[in-house]
Structure formats: C-alpha cells, structure tokens
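One structure is given below, encoded as structure tokens.
The values are calculated or read from the model by the stated rules, or taken from the named source; none is laboratory data. In this text the structure is predicted, and so the values were computed from the model without any measurement. Because the Cβ atoms are built from the backbone with ideal geometry, glycine has one as well, and the counts that use them run over all protein chains shown. Surface accessibility is based on the protein's heavy atoms, side chains included, excluding ligands, DNA and RNA. Shrake-Rupley method; radii C 1.70, N 1.55, O 1.52, S 1.80 Å.
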Amino acid sequence: MVDTTAPHPTSGIAGLRPDELETPPLSLGQLTWRRFRQHKMAIFGSITLLLIILYAFGGMLVFSEAESNAVETGARLQAPTRQHPFGTDTIGRDILARTIYGGQISILIGLTAMLVELIIGVTVGAVAGYFGGKLDSLLMRFTEAVLVIPQIFLLLVMAKYFAQSIPNVRFLGRTFSGSVLVIIFVIGLTTWPYLARIVRAQFLSVKENDYILAARAVGTPTWEIIVRHILPNSIAPIIVSATLSVAAAITLEAYISFLGLGVRPPTATWGNMLEGAYNYVESAWWLWFFPGLLIALTVLSINFLGDGLRDAIDPHSRAV
Amino acid sequence: MADRILEVKDLRTRFHIAEGTVYAVNGISFHLEDGETIAIVGESGCGKSVTMLSILRLLPIPPAEITSGQALYLGRDLFRLSEREMEQIRGKEIAMVFQDPMTSLNPVLTIGRQIGETLRVHLGLDKEAIHQRAIGLLDQVGIPDPAHRLNDYPHQFSGGQRQRAMIAMALACLPSILIADEPTTALDVTIQAQIVELIQRLKEQLSMAVIWITHDLGVVAEMAERVLVMYAGFIVEEARVDELYEDPRHPYTMALLAALPRIDRRRDKHLRSIPGAPPNLLVAPKGCPFAPRCELAFDRCWDEMPPLFQLGPDRRAACWVDVTTGKPF
Amino acid sequence: MVDIQTTNSFDTPELVQVRDLKKHFPITKGLIFERMVGSVRAVDGVSFTIRSGETLGLVGESGCGKTTVGRTLLGLYPATEGEIFIDGHNMRKARGEELLAIRRKAQMIFQDPYASLNPRWTVNSIVGEPLRVHKVFKSDKERSERVKELLSLVGMSSQLVNRFPHEFSGGQRQRIGIARALALNPLFIVCDEPISALDVSIQAQVVNLLEDLQDKFNLTYLFIAHDLSMVRHICFRVAVMYLGVIVELAERNEIFENPLHPYTQALLSAVPIPDPKKARARRRIVLTGDVPSPINPPSGCRFHPRCPIAKDHCSRLVPEWRQITEGHWVACHEV
C-alpha cells in the first residue's frame with residue numbers, strides 16, 4: 001500500500017509539504033538576471049561599457065592629467081605614431097591622453113546629470129502619482145511647463161552667462177572647469193519631466209493593486225507605503241530610463257561642446273574635442289575619429305544595456 | 001443517424017519554455033457527433049483550452065509543439081491541412097467564442113465592422129448584404145435595436161452584450177461546430193443564465209454541435225449531453241451527463257462533485273476538500289497524475305497511467321480501481 | 001439535516017453596526033479645476049449588523065456595491081454618509097491611535113491572490129508587516145517566530161518564509177493573505193470574494209480553513225461573494241444587494257428556501273445546480289436587460305425596470321425596509 005503522504009481528505013487544514021514548491025527559491029532579482037543573460041546584445045553592451053570605463057578611469061594610471069593638457073606646439077597635428085598613438089591635436093596635445101581624461105568628464109556628466117534627473121523626477125512623479133487629485137494636477141502642469149523650455153537654448157544662454165563666473169572644481173584629484181557643473185544641472189533640470197511622467201504612471205498603476213490596500217488596512221503609514229511598497233515595484237522603468245538618460249546626457253554634452261558652448265578648455269571632453277576637429281575633418285581625421293568613436297561606442301553600449309534591462313525586468317514575472 | 005463530425009486521436013501538445021517543457025496535453029482522444037453538445041470540464045491547467053487551440057491550430061509554434069495526434073473534421077485531418085485551408089475552416093465551419101469578450105473584440109473597430117469582416121472573408125457578400133445580415137445576427141442573439149448598435153464600439157456594450165456580439169460573430173457563417181471556451185465565466189450569474197439559454201436556443205435553430213469548455217459543474221449539468229473530465233492533460237472520465245453526476249467512476253470526478261457546495265440543500269458538515277494541488281506540468285507524466293491526491297491510489301497508480309477503460313456505451317474512466325468496490329479491477 | 005451553527009442567538013453582542021451607509025464616488029471633468037459633474041452612487045443607504053462570531057454574507061452581482069461596502073466599512077474609502085461602528089468604535093470619527101487600535105481588531109482578505117501580496121517582498125515580510133507596523137514585538141527574531149506560527153495555522157510549512165509570492169499557487173497565496181489578516185488577532189475579518197479566483201478543488205480547502213479559524217478564534221466574518229452555493233454553505237445570514245442597496249436580508253435557510261424579493265428569486269433561479277435532472281426540471285426566472293448604471297439609478301424601487309411583477313407605484317415610491325417574519329427583512333412593495 002503506498003503512503004500517499006496526503007492527509008485524509010476530510011475537514012481540516014490540508015497540509016502543504018515544503019517540497020510542494022517544485023522550483024528552487026529564486027528571487028525576482030535572480031529571475032531578472034537569468035533573462036538578462038540571454039540577451040546577447042545587452043551582454044556585449046555591458047562588456048564594452050565596462051571596458052570603456054576602465055579605459056577612461058584606469059587610464060589615469062598611465063597618463064597624468066598634466067600630460068593630457070601638455071601643449072607641444074612642435075608636435076601639432078601629427079598623425080598617429082608610436083609616441084602619440086591617437087595623434088596630436090591643433091596645439092600638440094596628445095589625443096589619447098585627452099580621450100582618457102575627456103572620457104572621465106563626459107561619463108561624469110552623464111552619470112551626474114542622470115542623478116539630478118532621477119532625484120527630481122522620482123520625487124515629483126511619486127508624489128503626483130500617489131496622492132492624485134489637485135496635487136497631481138498642479139505637479140503635472142508644472143512638469144509640462146518645464147518641458148516647454150527649449151533645452152538647447154537654455155544651455156546656450158547659461159553657457160554664455162555663467163561660463164566665466166563659475167570657478168574651477170576639484171573632484172577626484174582633478175581640477176576642471178566649473179562649466180561642467182552648469183552643464184550637469186541644466187541637463188538634469190530639463191530632462192526630469194520625462195522620468196516624472198514615467199514614475200507617475202507606474203505609481204498610478206501599482207497603487208491600484210490590492211496589496212497596497214492591504215497595507216492600508218493594516219495601518220501602514222503613507223510614507224512607508226510609498227517607499228517600501230510602491231517604489232520597489234516601480235523600479236523597473238526607472239532603471240531603464242535612468243540608463244538611457246546617461247546616454248542622452250553624454251550625447252547632449254557632445255552636441256553643445258561641439259558648438260563651442262559647453263565645457264571650456266583646457267578641460268577635455270569628448271564633445272569639445274570634436275569642436276576642435278571641425279575645420280580639419282579631412283586633413284586630420286584623427287582629431288574627430290577617436291573621440292567620435294568613443295562617444296558612439298559608449299552611447300551604443302548604453303542603449304544595448306538599456307534594451308536588455310527593459311526585456312529582463314518584467315514587473316509581472318512569475319515562475320513558470 | 002449520429003455522424004462523427006469531429007474525431008480527435010491521441011493528441012499530445014507541449015510547450016517549450018525557458019524553464020523546461022510543459023506537458024499540456026498528454027494523449028487524448030474523443031469524438032463529437034453532429035448536433036451534439038459536449039462539455040469538457042476541468043480546472044485551470046488541465047489542458048482543456050489548449051486541446052481546442054491545438055485542434056484549431058491557433059497555438060504559436062514554437063513554443064508550442066503538437067507532437068502527435070489527428071483531428072479529423074468530416075474525415076479530413078486538420079493537422080495535415082495548409083494554413084490556407086485552415087483559414088477556410090476557422091470561423092466558417094468551426095467557430096470559437098472566448099472567455100473575455102473585452103480582449104477578444106478589437107476595441108477600435110465597431111461591432112458592425114467586426115461581424116462584417118467574417119461575412120466578407122468567408123461568404124464574400126457585398127456591403128448591403130453584409131449590413132442586413134449583421135443586423136439579423138445581432139437580433140438573433142437578442143441585442144435590442146441592432147441597426148444602431150452596429151455602429152457602437154465594444155466598450156459601449158455591457159459584458160453580457162459583448163458576449164452576445166461575440167456569439168453573433170461566431171455564428172455568422174453558420175458553422176457546424178461552435179467551441180465555447182469558458183464563455184460565461186466572467187459574467188454575472190443572471191447574465192450567464194441568459195447566455196446559456198441563448199446558446200441552447202441557437203443550437204436548436206442552427207443544428208450545431210457545441211463543445212463547451214468550463215470548470216463549472218453547474219453549467220455543465222444545465223446544457224451538456226455528454227461530458228469529458230480532464231486532469232493534468234489527460235481525459236480521466238467520459239460519460240453521459242446524467243450518469244456522470246449520479247454515478248461517477250473516477251476518483252477525481254467523485255472528489256470534485258463532493259467538494260461542491262449546494263445551493264439546493266441545507267448545509268452538511270465541512271466540505272470535502274481535495275488535499276494537495278494539481279501537479280506541476282513541467283514534469284513528464286509518469287503514472288496517474290491524480291495519485292498523490294487520491295484516496296484509492298495503490299502501487300500501480302504511481303507507475304503506470306491507466307488507460308481509459310470502457311465501462312459502458314459512451315462511458316470511460318481512466319482508473320485502475322473499480323470505484324464501486326474500491327478495489328483494483 | 002441539523003444545522004450545526006446557531007443563527008438566532010439574539011443574546012450575543014453585536015460587533016459591527018452599519019446604519020444608512022452611503023459611498024458616492026464623484027465624477028469630475030476639467031483639466032485644471034476639476035468640477036464635479038455627477039457621482040457613482042456605489043453604496044446608497046445600507047444598514048445591517050453583525051453579531052460576534054457570526055458570518056454575514058453579502059451577495060449581489062457586479063456593480064451592486066458589495067466590495068465598496070467592505071472597503072468603506074474598514075475605512076479604506078471615506079464614507080460619504082452614515083454610521084459605522086466596529087466593537088463600539090465610531091469608524092468615521094476615529095483618528096490616529098484609535099484608528100490604529102481598530103485596525104488591530106478588523107482586517108481584510110482580498111480576492112485576487114496575485115495582486116494582494118507585494119511581489120517583491122518575502123512571505124516573512126508580508127505576514128510580518130502588521131506586526132512590524134503595530135510594533136508588537138521588540139525583536140525581528142520574535143516577529144519571525146510569530147510569522148512561522150501563523151503560517152502553520154493556515155497549513156503552510158514554516159520553511160517557506162523566505163520565498164516570494166510568485167513561487168506559490170493561487171490557493172497558497174490566499175493562505176498567506178489569511179495568515180497576514182490573522183497576525184494581530186483580529187475580532188472581525190472582511191472577506192472580499194476570497195475564493196472567486198481559485199480552482200474548485202482549492203476553494204473547499206480555503207473555506208474549510210476559514211471555518212476552522214472561526215471556530216478556533218471566535219472570528220466574525222463579513223463574507224462578500226457572488227457564488228451563492230458557497231454563501232449558503234458558509235454564511236449564517238445573507239444580505240442581497242442590488243445597485244447600492246440591500247433588498248433582502250434573512251437567515252440562511254430562510255432566504256434560500258423562501259426568497260421574497262423578486263430579484264432574490266431571479267438570482268437564485270439563475271444559479272446552476274450540479275444535478276442534470278434538477279436542472280432540467282427547474283423553472284427559471286430569466287431577467288431581461290442588464291444592470292443599470294449606478295450613476296443614475298432608476299427612480300422609486302431600483303429594480304422596477306427589470307422586475308417581473310412591477311406595478312405603477314414601484315417606479316415612484318422607494319420601498320420600505322420591513323421585517324416580514326422574524327429576522328427576515330425585505331424592501332419591496334409587492335411583498
């Protein structure tokens with residue numbers, strides 16, 4: 001006679017054996033990682049990104065900042081050689097070193113602008129989404145007003161008026177132009193509305209779930225509901241959006257620096273290196289090729305990474 | 001006399017997903033006679049919907065895979081037809097109605113256009129004929145003021161009316177078989193009564209065969225002539241409706257009936273619940289899938305899946321045990 | 001068959017009292033300044049009491065307002081009008097500390113097992129949340145011990161505390177939800193369609209569990225459901241709602257064997273019976289049309305447009321809520 005191990009089917013609480021969960025414990029994080037792993041482009045993007053970051057920050061060990069700014073008029077506009085593997089620019093600075101230190105700034109701008117956008121965007125979106133009603137209307141009208149501001153225009157105006165007056169900044173053992181901060185804040189302050197709308201939409205939808213009502217029925221205070229319940233369930237689009245906005249910020253910086261109105265020299269960024277290359281497009285290809293390649297690779301990698309994250313993070317995931 | 005309009009033989013369907021293979025349908029065979037109403041009953045995950053979707057070849061392949069089986073419609077094996085030929089059959093000769101009319105109807109097209117599409121594609125009628133016929137169909141399914149309602153969108157209909165509209169679409173080309181997949185599960189009980197009555201009436205009028213898929217044993221008692229009970233991708237019992245309820249021969253059927261509360265009786269003690277839970281379909285079936293939850297299980301049940309034993313005309317049960325005695329056959 | 005639960009124990013105290021409860025949801029228009037242009041009268045004057053230890057069933061079809069009653073009862077929606085008393089506390093006036101105290105006594109179980117548990121929290125956090133918010137234990141360890149206790153009360157292994165909701169089946173998730181509701185030793189639980197989303201074979205398990213817990217802890221339930229067969233099984237008394245009002249209230253056997261209101265009669269006759277012979281023999285009252293919108297309920301008796309026995313005055317006068325026989329109340333002119 002086989003022992004069925006199931007309790008006799010009369011009244012009472014039917015037992016549940018621990019092994020009745022056939023799947024091994026897998027948190028949502030582990031499931032997400034699994035899905036991410038299968039996205040080949042995302043893996044490629046992540047690895048490339050990692051290499052670029054290593055290049056830009058690890059390169060500090062090989063070249064000093066002084067070297068990247070060292071003017072060597074005798075060696076101007078030299079094509080790539082053993083001494084200067086990426087060539088030299090219009091005043092004889094080594095391009096390789098400059099792409100390293102320039103990369104640090106470009107990446108820094110990308111990350112920091114994203115942080116500004118994140119803080120403002122998430123706060124506004126969360127409050128508007130959770131409380132609804134008049135507060136929501138007010139915040140959303142404000143958000144839309146900010147969207148109306150032409151970003152480039154603002155950047156140009158700020159660049160013109162503040163460029164001279166902001167002192168140099170010291171950070172991570174480096175000194176760079178204060179215009180970097182201006183750029184960071186302007187980008188952050190004009191792009192947060194996109195994130196705010198996404199966060200608000202997430203909050204509106206997550207708020208409708210019964211587990212939020214259950215938390216209220218239990219007596220959980222509002223701020224706890226927002227931070228412990230809703231926010232963790234809204235993280236997915238926030239992560240994706242934040243990732244992509246790093247790419248957007250890098251591109252934007254390149255764009256305005258190329259126009260000559262971004263970060264002031266001698267501080268290098270990939271973008272202002274392109275500015276210098278404008279007149280030498282054909283004659284000195286190495287001036288724009290290397291910084292351009294790095295920008296393209298970085299932005300592309302971030303986009304692949306973002307794609308992979310978007311596919312991997314599924315808020316409705318379930319085992320099987 | 002009774003012709004077999006549909007005959008399914010040894011159907012097996014699997015799904016290949018990241019976590020492994022889901023053994024959704026594991027070798028089922030049944031038939032449907034012309035003009036007959038059968039019900040396929042089972043809980044979620046038993047494979048009842050997948051069976052129908054497999055037969056109509058509506059499953060995406062991959063991840064689905066129909067590893068074996070034949071589905072003979074009027075003698076032709078549906079699995080051997082080209083997609084073109086299947087399109088001639090779907091909607092025209094075999095029609096399907098689904099559970100949630102809100103997602104099965106296109107929200108941006110009027111009802112008139114959606115019904116019209118079926119008529120245009122299958123019967124090649126012109127605009128005026130389509131218009132008249134659509135009005136007639138909406139009227140037949142009991143939607144008041146059909147001429148005007150043709151221009152309404154799905155969200156302007158109530159749940160019950162949407163389901164009626166879906167039925168109208170399904171019947172537009174006078175199919176021989178109507179497959180209704182949980183058509184009333186999402187509806188209120190008074191609306192459900194209306195829809196059940198509607199389908200019974202239409203069935204008579206159009207001499208259609210109906211396959212009704214549901215988990216609700218109450219609805220089955222109302223409208224089925226013959227019943228198939230499914231569990232974990234197998235058919236475990238088949239019987240004429242009266243016999244199934246009075247004299248079930250499979251432990252699962254018996255347990256299911258015993259677990260039902262009754263509105264027409266005074267309360268008994270606790271409900272007789274079925275311990276445990278349905279099996280994990282990611283594991284290839286070995287032995288009887290109901291064994292872990294079965295009072296009458298013995299060694300053989302765990303090793304070998306019982307075949308469907310013929311216990312009488314139209315009467316089969318897949319169990320090694322004779323439930324009338326409690327002992328193995 | 002002897003009915004084992006006492007139903008006419010008029011000496012047991014009333015735990016929950018609801019008087020003329022109304023909940024209207026405003027409909028607003030306007031982009032910047034939202035104007036109220038109408039309201040959805042989801043609950044439009046509902047009164048009932050629930051005695052300690054009993055189960056009151058609240059049934060009705062979609063849009064009748066039963067879920068809204070449950071949520072408003074616990075203060076999850078602010079009531080528009082009316083009075084709610086739970087264990088002597090005035091729900092509408094309670095704030096701060098008193099409100100928290102009431103929350104310890106009155107809890108809720110939800111319908112959707114997939115949406116009622118936070119997918120990013122472990123079972124331990126989910127079931128432990130009430131304990132944490134109400135600061136019942138000093139240490140995490142003590143709290144975890146209590147969580148394990150609660151899980152075993154609902155028939156689940158304590159080894160599952162670190163798992164996530166998505167790893168469980170619907171029935172198991174409902175048990176987790178029940179464990180959470182029990183955490184603070186409540187007196188009263190609102191069960192909002194707790195088994196509708198479950199398979200039939202699991203429904204019986206969960207219902208049996210709810211009854212066992214009721215016996216063990218002397219719980220009082222408001223059982224909101226649309227499955228009338230299950231309601232007959234588990235409830236002591238039943239209230240039938242239609243379009244925001246209660247149309248009939250009676251003791252269980254009385255309402256199922258002797259329904260007086262035409263809507264109740266139609267409702268009961270529409271419920272399928274798992275018995276083919278009875279199903280064929282039965283006389284069905286099939287209502288025409290659909291349930292009207294709660295934004296503009298019909299005048300007089302709300303049911304009059306669909307009522308098979310409606311007379312002229314039914315569209316003009318709102319029927320009185322009267323006690324016909326002991327414990328059997330109806331709102332109908334024709335009874």
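Provide the percentage of antiparallel DSSP beta bridges, counting only those with both residues in the protein assembly as shown; round to the nearest 5.
Roughly 65 percent of the DSSP beta bridges within the protein assembly as shown come out antiparallel.
Could you work out the local net charge near C:E83, counting Lys and Arg as +1, Asp and Glu as -1, over the other residues with Cβ closer than 11 Å to its Cβ?
The answer is +2.
Once the dipole of the protein assembly as shown is set up with Lys and Arg at +1 and Asp and Glu at -1 on Cβ about the Cα centre, which of A:A296, C:N185, B:P289 lies farthest towards its positive end?
Farthest towards the positive pole: A:A296.
Taking the Cα centre of the protein assembly as shown as origin, work out the dipole magnitude from +1 charges on Lys and Arg Cβ and -1 charges on Asp and Glu Cβ, in debye rounded to 20.
Dipole magnitude for the protein assembly as shown comes out near 2040 debye.
For region B:165-262, with all protein chains present and a 1.4 Å probe, just round the carbon and sulfur fraction of the accessible area to a whole percent.
Of the solvent-accessible surface of region B:165-262, carbon and sulfur hold 47 percent.
To the nearest 10 Å², what's B:D247's accessible area with a 1.4 Å probe?
B:D247 exposes around 60 Å² with every protein chain in place.
So for the pair C:V318, B:F79, with labels modelled 7 Å out along Cα→Cβ, what separation do we get in nm?
Result for the modelled spin labels: 6.4 nm.
Compute the separation of the alpha-carbon centres of region A:87-125 and region B:1-39 and state it in Å as a whole number.
Their Cα centres are 62 Å away from one another.
Just list whichever of B:K286/B:K327; B:K48/C:K22; B:K203/C:K278; B:K269/C:K66 have alpha carbons separated by over 32 Å in the model shown.
B:K48/C:K22
For region B:39-46, what does the Karplus curve 6.51 cos²θ - 1.76 cosθ + 1.60, with θ = phi - 60°, yield as ³J(HN,Hα) per residue in whole Hz, taken in order and with x for Gly and Pro?
10, 10, 10, x, 8, 5, x, 7
For chain C, what does the alpha-carbon gyration tensor say about shape, rounded, prolate or oblate, given a ≥ b ≥ c as the root eigenvalues, a/c under 1.5 as rounded, and a/b over b/c as prolate?
Prolate, because a/c is 1.5 or more and a/b exceeds b/c.
For peptide C:163-174, compute the average count of partner chain beta-carbon atoms within 10 Å of each residue's beta-carbon.
5
With every protein chain kept in the model, how would you rank C:W121, A:W223 by accessible area, 1.4 Å probe, largest at the top?
Highest to lowest solvent-accessible surface, that is A:W223, C:W121.
Please sort A:202-208, B:218-224 by packing, taking for each peptide the average over its residues of neighbouring beta carbons within 10 angstrom, highest first.
Put in order of decreasing packing, that is B:218-224, A:202-208.
In whole Å, what is the distance between the alpha-carbon centres of region C:175-212 and region C:25-76?
22
With solvent modelled as a 1.4 Å probe, how much accessible area in total do chains C and B shield from it at their shared surface, in Å² to the nearest 100?
4100
Which length gain, in nm to one decimal place, applies between A:T90 and A:R76 when the Cα-Cα distance is subtracted from 0.36 nm times their residue separation?
So the extension gain works out to 4.5 nm.
Given labels modelled 7 Å from the Cα in the Cβ direction, how far is it in nm from A:S283 to B:E93?
My value for the distance between the label points is 8.0 nm.
Please compute the average number of Cβ atoms from other chains found within 10 Å of each residue's Cβ in peptide C:96-102.
So the per-residue partner count for this stretch is 1.
Roughly how many debye, to the nearest 20, is the charge dipole of region C:147-253 about its Cα centre, given +1 on each Lys and Arg Cβ, -1 on each Asp and Glu Cβ, and no other charges?
260
Put C:E97, A:E65 in order of accessible area, largest first, 1.4 Å probe: what do you get?
Ranked from most to least accessible, the order is C:E97, A:E65.
If you roll a 1.4 Å probe over region B:10-72 with all protein chains in place, what percent of the accessible area is carbon or sulfur?
52
Counting only DSSP beta bridges with both residues in chain C, tell me the antiparallel percent, nearest 5.
65
When you count, for each residue, the other Cβ atoms within 10 Å and take the mean per peptide, how do C:174-181, B:186-193 rank with the highest first?
C:174-181, B:186-193
Report Rg(Cα)/(2.2 N^0.38 Å) for region A:66-121, keeping two decimals.
1.53
How are the C-alpha pair distances of the protein assembly as shown spread across 20 Å bins, as whole percents from the shortest bin up?
Once binned at 20 Å, the Cα pair distances of the protein assembly as shown give 11, 35, 33, 16, 5, 0.
Step through the residues of region A:148-158 one at a time and calculate ³J(HN,Hα) from phi using the Karplus curve (6.51 cos²θ - 1.76 cosθ + 1.60, θ = phi - 60°), rounding each to whole Hz and writing x for Gly and Pro.
Per-residue couplings from phi come out as 5, 5, x, 4, 4, 4, 4, 4, 5, 4, 4 Hz.
Taking K and R as +1 and D and E as -1, what net charge do the other residues with C-beta under 10 Å from the C-beta of B:E225 add up to?
For residues surrounding B:E225, the net value is -2.
For region A:203-303, with only Lys/Arg (+1) and Asp/Glu (-1) charged at the beta-carbon, what is the dipole magnitude about the Cα centre, in debye rounded to 20?
Approximately 240 debye in magnitude.
Using Cα centres only, tell me the gap between region B:219-267 and region A:25-68 in whole Å.
59
Relative contact order for chain B using alpha-carbon pairs under 8 Å, separation at least 6, rounded to a whole percent?
It rounds to 20 percent for chain B.
Cβ under 14 Å from C:V335's Cβ, C:V335 left aside: what net charge do those residues give with Lys, Arg +1 and Asp, Glu -1?
Result for the local shell: -2.
At a threshold of 8 angstrom on Cα-Cα distance, excluding pairs fewer than six apart, so keeping six or more, what relative contact order does region C:248-306 reach in percent?
The normalised contact order for region C:248-306 reaches 25 percent.
How much of B:D303 can a 1.4 Å solvent probe reach, expressed as accessible area in Å² and rounded to 10?
Accessible area of B:D303: about 100 Å².
Over chain A, what relative contact order in percent results from Cα pairs under 8 Å that are six or more residues apart?
So the answer I get is 25 percent.
Taking each residue of C:285-296 in turn, how many C-beta atoms of other protein chains fall within 10 Å of its C-beta, and what is the average?
3
Set the Förster radius R0 to 25 Å, insert the Cβ-Cβ distance between B:V121 and B:D145 as r into 1/(1 + (r/R0)^6), and round the FRET efficiency to 0.05.
Approximately 0.40, to the nearest 0.05.
What is the spin-label model distance, in nm, from B:K9 to A:F171 if the labels are put 7 Å beyond Cα along the C-beta direction?
7.5
Can you spot the lysines whose alpha carbon is less than 24 Å from C:K29's alpha carbon? Ignore those fewer than 8 places along the same chain.
The qualifying lysines are A:K134, A:K207.
From largest accessible area down, sort B:D139, B:D322; use a 1.4 Å probe on the protein chains.
The most accessible residue leads, giving B:D139, B:D322.
Considering only protein heavy atoms, what is the solvent-accessible area of C:R302 at a probe of 1.4 Å, reported in Å² to the nearest 10?
Only protein atoms counted, so the area is about 40 Å².
Which one, A:A214, A:S106, A:A128, is farthest towards the positive end of the dipole of region A:98-236 when Lys and Arg carry +1 and Asp and Glu -1 on their Cβ?
Farthest along the dipole direction, towards plus: A:S106.
Which order, highest average first, do B:20-33, C:319-332 follow once you tally other Cβ atoms within 10 Å for each residue and take the mean per peptide?
B:20-33, C:319-332
Ignoring ligands, DNA and RNA, how much accessible area is buried between chains B and A, both sides summed, with a 1.4 Å probe, to the nearest 100 Å²?
Buried area (both sides, nearest 100 Å²): 1400 Å².
HN-Hα J couplings of region A:74-88 from phi, Karplus 6.51/-1.76/1.60, θ = phi - 60°, integer Hz, Gly and Pro as x?
Coupling constants for region A:74-88: x, 10, 5, 6, 8, 5, x, 9, 4, 6, 10, x, 9, x, 10 Hz.
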